């Protein structure tokens with residue numbers, strides 16, 4: 001007797017010899033076309049035996065238990081990737097302030113009045129005729145760039161035949177290659193035929209103010225590298241309590257770091273910031289949990305002759321002990337679950353602590369359903385089945401024989417042509 005051993009409980013048709021024969025007949029019909037002898041072949045789908053029906057029902061039961069367990073894990077407080085720790089932050093003036101909240105932060109409200117955003121320093125060099133001989137003297141020039149409390153040494157060699165464009169391009173390339181935090185660009189005016197250097201700090205704030213100094217030669221003075229057109233400035237903003245703050249960056253932390261805000265523009269009216277639980281993710285995951293539970297329960301009910309109806313008892317106890325109505329989770333007369341999104345969102349906004357405890361605490365609905373689902377997954381296969389059903393009475397002895405014949409560990413049902 002040929003035995004196919006599989007790790008999970010698989011559909012019976014995949015391992016049925018008769019099913020393979022029928023499939024071959026179907027392929028032959030397609031190959032020969034109409035009018036051939038095979039087209040008159042009448043076949044019927046195989047009628048599943050009680051063992052095959054039980055195998056498929058058990059497979060789906062374990063599958064839904066796995067889905068339930070995995071979804072419940074995302075609703076347990078403190079678990080990795082728990083949606084209960086997610087927070088949503090909103091600004092009523094997103095064009096002025098964009099915000100994000102740290103996971104696990106408390107719900108909060110804040111106001112922000114931005115009087116100045118941090119800005120970069122901008123320098124504009126002297127103007128030169130592009131194609132005339134370089135105004136920067138021939139020879140080696142050494143100079144320094146100071147920014148953010150550090151000084152970088154730079155040097156440029158100007159040859160006798162270079163034009164203003166070529167000499168200034170060398171200076172610009174040298175500054176950029178230094179990677180010190182200043183960006184240089186050679187700009188040209190096609191109508192006037194002139195060129196000049198324009199420089200900007202990579203980051204805003206007074207901490208990024210920069211300056212140049214000649215060491216040997218005269219590049220800095222001749223090119224006008226220190227000609228500041230826009231000085232670096234810090235951000236200035238006022239919070240809800242009336243205190244004024246400055247920042248070298250436009251990215252600031254509020255309420256002890258629980259809110260990260262990015263200042264985008266100034267405003268005369270305070271921007272209102274609200275931090276709330278990310279109710280959307282909680283609703284989505286609780287709906288998925290209810291759906292996997294409903295499929296699990298419906299599978300047991302629909303296969304009452306084949307599956308043990310006692311499988312649902314632990315789930316019933318978990319649901320009876322939970323305060324489902326307080327979190328918008330309602331149990332219908334048929335035992336299935338339904339999520340009231342409005343009530344769930346109201347509960348999260350009204351009392352976050354208690355709602356999180358009811359959903360994801362140690363005695364919460366997610367933990368209870370996960371424990372029950374994991375219990376189903378760990379059960380031996382025969383404990384899932386109603387062994388009193390006709391056709392399954394001898395199945396236990398069949399399983400034992402199959403295990404001895406198989407060289408692989410048997411964790412699921414073994415179904416062959418006989419069954």
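Couple of notes before you dig in:
- Failed item, numbered, when residue 214 is tested on (1) in a strand (DSSP E or B); (2) surrounded by fewer than 16 Cβ atoms within 10 Å (Cβ to Cβ): (2)
- The residue list 391, 375 contains one member that is in contact with a helix residue (DSSP H, G or I) (Cβ under 9 Å, 6 or more places away or on another chain), within 25 Å of residue 55 (Cβ to Cβ) and modelled with pLDDT of 85 or more, which is 375.
- Qualifying residue in the range 143-157 (condition: at pLDDT below 95 and part of a loop (DSSP other than H, G, I, E, B)): yes
- If only residues of the range 120-157 that are farther than 16 Å from residue 219 by Cα and in contact (Cβ under 8 Å) with a residue 60 or more places away in the chain are counted, the one that is nearest to the chain's Cα centre (by Cα) is 120.
For every residue, the table says whether it meets (1) in the same structural domain as residue 298 (by TED's automatic domain parsing); (2) more than 30 Å from residue 361 (Cα to Cα).
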site: 62; (1), (2): yes, no
site: 65; (1), (2): yes, no
site: 70; (1), (2): yes, no
site: 77; (1), (2): yes, no
site: 97; (1), (2): no, yes
site: 104; (1), (2): no, no
site: 109; (1), (2): no, no
site: 113; (1), (2): no, yes
site: 128; (1), (2): no, yes
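- Of the numbered criteria (1) in a strand (DSSP E or B); (2) more than 30 Å from residue 235 (Cβ to Cβ); (3) within 28 Å of the chain's Cα centre (by Cα), the one residue 72 fails is (1).
- Filtered residue count, the range 199-211, keeping only those that are under 41 Å from the mean Cα position of the chain (by Cα) and assigned to a strand (DSSP E or B): 4
- Any hit, the range 221-241, residues being surrounded by fewer than 15 Cβ atoms within 10 Å (Cβ to Cβ), within 39 Å of the chain's Cα centre (by Cα) and within 27 Å of residue 115 (Cβ to Cβ): yes
- Taken together, the residues in the range 159-188 that are assigned to a strand (DSSP E or B) and touching a residue at least 40 places away in the same chain (Cβ under 8 Å) amount to 1.
- Picking from residues in the range 369-387 that are crowded, with 20+ Cβ neighbours inside 10 Å and more than 15 Å from residue 59 (Cα to Cα), the one that is farthest from the chain's Cα centre (by Cα) is 372.
- Residue check for residue 286: farther than 18 Å from residue 387 by Cβ, under 22 Å from the mean Cα position of the chain (by Cα) and buried (at least 17 other Cβ atoms within 10 Å of the Cβ): yes
- For the residues 175, 183, the requirement of being touching a strand residue (DSSP E or B) at 6+ places or on another chain (Cβ under 6 Å) and either over 27 Å from residue 246 (Cβ atoms) or crowded, with 19+ Cβ neighbours inside 10 Å (or both) singles out 175.
The values are calculated or read from the model by the stated rules, or taken from the named source; none is laboratory data. Everything numeric in this text was worked out from a predicted model, so none of it was measured. Note: ideal-geometry Cβ built from the backbone for every residue, glycine included; neighbour counts use all protein chains shown.
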